[in-house]
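Worksheet for the structure shown next.
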Amino acid sequence: MTIKKTILLRTRIAFLVVFISSVAIIIKIAHIQFVQGSKWKKVAEVGGLEYRSIKPTRGNIYTDNGSLLATSLPFYRVAFDPCVVDKEVLQAGIDSLTHLLANFYKDKSAQAYKKLIYDARGANKRYIALNRQQINYQQKKMMSKWPIFQKGRWKGGVIFEKVEKRLHPFRNLAFRTVGFINENEYGAGLEYSFNKELKGVEGRALYQKTVGGNWKMVYDGSEVRPVHGYDIVTTIDVNLQDVAQNTLLKALQKEEADYGCVIVMEVQTGEIKAISNLSRVYSKEYTETYNYAVGNQGAREPGSTFKLVSMMALLEETTLELTDSIETGEGQCRFYDRIMRDIKRGGYGKISIQEAFEKSSNVGISKLVDSVFKKKPQKFIDYIHKVGLAKPLGFQMTGEGLPVVKSPKDPSWSGVTLPWMSIGYELKITPLQILTLYNAIANNGKCIQPIIVKKIKQANRTIKEFNGVVLNKKLCSNKTLAKLKTMLEGVVERGTARSIQNSSYKIAGKSGTAQKFVDGRYTNNWCTSFVGYFPAEAPRYSCIVVVDNPKGFRQCGSNVTAPVFKEIADKIAAKDIDMNNTFVKEDKDKNSFLRSSVGKKTDFIQVCHALNIAYTDNIDEEWVRTTVQGNTITWQPIGNNSEKQVPNVIGMTLKDALFLLENRGLSVVVQGKGKVRTQSLLPGEQAKKGRSIVLKLDFFQN
């Protein structure tokens, strides 16, 4: 064979091999495309599958009477799977559906929605977001009845993607106390402190990633349902919270202060009924940004409110009597290189120990403490530890401030530390810790750990219940306790807070004014406070008010915070059933107090039974006016019982009038004391929510 023929043969063989290989590749491509296409398509889809978490519904936060402080409401984003809808169903309902979508969202025309749906169906898209706007549950119910959508998820293609939002029905009321939680599970307040209980347990399900980066659930039977969060029931009384917060706000705006806080506590239980923290964000605008009542930023030198601890230590350690005297001279006393001064120019001279406390004499208190504890300062510090002010309370909310109490071993301890500490300097304590001490005095020496959450529950089932733990069964002897109570009452009756003396009930407490320590020195800015309890003769509530850096003419606790305390106490007394007893007046004629009285019939019947007064139950009404026929009480209707009308409350006690009027949404302004004498809105007028009504009260004879 010639060389030429050999080359030609090899060329033909190579061509044949290439041809056969090309044909094989084409056949393989065709086989993959047409025979194995569905298989590889499924493989590609499986590549977009992923197990993802399902968020549980977060638990609710309730007030003490079951009102909602925070809840999660369902909202929805509307998506659509155009491929599951039958052609006939789609053609029959598409015009109506797109018209409804266009009218509802108002972002594009009906024709644009129609094109969007048909384009997606043509491209075999199994998921399209119709609109990113979220709708509420009622709107979801409405949409579920629309053409095509009414056939549901699997035949109508509609996909309602649930999104939960946290709602606060009382808006800014106790906002910082309720708190928040973010996506990283960091936050503040009750939402953060009880996040473990509130958040529940996440579920799991298989999701598929669709065009556009969205995810849809694949219902393959492997879903694990989420466990919804528990609810928590707080001790907050929303009415007292409203009183405390609004009263504090008014005072802060008046004084142009930097911040302020109020805590109202129930004496016997330690339950916090109101807690408000407001700080200035603009000239006279305030909001809740930090919990000064509890947190580290609120831990300050307490000033004169700490003198209660000094007096307790003195009375426990010595045989001093309140009538014993102390020489305060002209209001100045030198301790080493520093001078202690009283607020009164010229001083108080020689006064009793009780007067030294009531007048808040810095010189008197510091001289007494220095004379008794100078050689044994640790003994004085031991008393601070005994009353619980040297360590955190173990409060239920995260972020409780740490108290700072020196010991004689500290390098910063000096010869002036003890006298200055005795009047509330050179140590730091939070308002909640100071209030807990005063609450213990009101509670006959028993120190209760404050609580703000009463229950953790699931529906009607209680999971866990909380009660105030007794931190100290007896802070001091009964003899000392009686003297401390006498002095606290004397502060209001004769001392620095005599301007808030109340003829209806007694207040016991102590004002405080502490010079602020900034950048290593004491400034001319002040932190003012008043803490106490009421009614002093049978304490039901304790309360502390703090106003930081007031700008008014008189920057002291007796002028700034004591009036706030009294206003809060007065409003609480007006609302509290036990403090505002309907039948308080005595009368020689045992049934004369029922003559022409107005109130709840069941209350009158209860009194009639107790006093053995005859009555005739002649009408079926809840609220009545009494009349006397001989020795028998009968009832007359007061009229205007419709919830849409202003009722006739003339002659009622304040607590009954408030109940009727506030339940109709009216805003009540009270002037005077006693029973309702006049009302600014006439009975029968329309009771519009938020409308103001002025009640003038007097101890008039009916």
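Size check on region 261-325: the Cα extents along the three principal axes, sorted descending, read 52, 30, 21 Å. Simple spin-label estimate for Asp382 and Leu611 gives 5.7 nm between the two label positions (7 Å along the Cα-to-Cβ direction from each Cα). Highest-first packing order for the peptide set 308-317, 285-294, 619-628 is 308-317, 285-294, 619-628, based on the mean count of other beta carbon atoms within 10 Å.
In straight-distance terms, cross-link reach from Lys140 covers every one of the lysines whose alpha-carbon lies under 19 Å from its own, apart from those fewer than eight places away in the same chain; here that gives Lys106, Lys151, Lys155, Lys162, Lys165, Lys216.
With all pairs of separate Cα atoms included, region 592-698 yields a Kirkwood hydrodynamic radius of 14.3 Å.
Once both labels are positioned 7 Å from their Cα atoms along Cα-to-Cβ, the gap between Gln671 and Ile343 label points is 3.2 nm.
The calculated FRET efficiency for the pair Glu621 and Glu317, based on their C-beta separation and a Förster distance of 56 Å, comes to about 0.35.
For region 65-117, the spread of Cα positions along the three principal axes, ordered from largest to smallest, is 54, 25, 15 Å. Each of His228, His609 was scored by other Cβ atoms within 10 Å of its Cβ. Arranged with the fewest first, they read His609, His228. For region 592-698, the number of Lys pairs with C-alpha atoms closer than 18 Å, counting only pairs eight or more positions apart or on separate chains, is 11. The gain in end-to-end length when the Asn103 to Lys55 segment is fully stretched comes to 14.1 nm, 0.36 nm per residue minus the alpha carbon separation.
Once fully extended, how much extra length lies between Ile463 and Lys696, figured as 0.36 nm per residue of separation less the alpha-carbon to alpha-carbon distance?
79.2 nm
Dipole magnitude for region 240-575: computed about the Cα centre from +1 point charges on Lys and Arg Cβ and -1 point charges on Asp and Glu Cβ, it is near 420 debye. In this model, which of Lys307/Lys483; Lys273/Lys566; Lys273/Lys391; Lys367/Lys446 are farther than 19 Å apart at the alpha-carbon? Over 19 Å apart, Cα to Cα: Lys273/Lys391; Lys367/Lys446. Every Cα-Cα pair of region 240-575 was included, and the share exceeding 40 Å stands at 7 percent.
Among the trypsin sites (Lys or Arg not before Pro) in region 455-498, those placed in a DSSP loop whose Cβ has at most 16 other Cβ atoms within 10 Å are Lys473, Lys474, Arg494. Placing a pseudo-label 7 Å from each Cα along the Cα-to-Cβ vector at Thr289 and Gln133 gives an inter-label distance of 3.5 nm.
With q set to 0.08, 0.10, 0.18 Å⁻¹, the log10 of I(q)/I(0) for region 52-234, from the Debye formula over equal scatterers at the Cα positions, is -0.34, -0.52, -1.14. Take every pair of alpha-carbon atoms less than 8 Å apart whose residues are at least six positions apart; their mean separation over the length of region 592-698 yields a relative contact order of 22 percent.
Distance between the C-alpha centres of region 332-372 and region 449-527: 24 Å, rounded to the whole angstrom.
Read-outs: derived from the displayed coordinates by stated rules, not from any lab. All of these numbers come straight from a predicted model, not from anything done at the bench. Cβ: placed from backbone, ideal geometry, glycine included. Neighbour counts: every protein chain shown.
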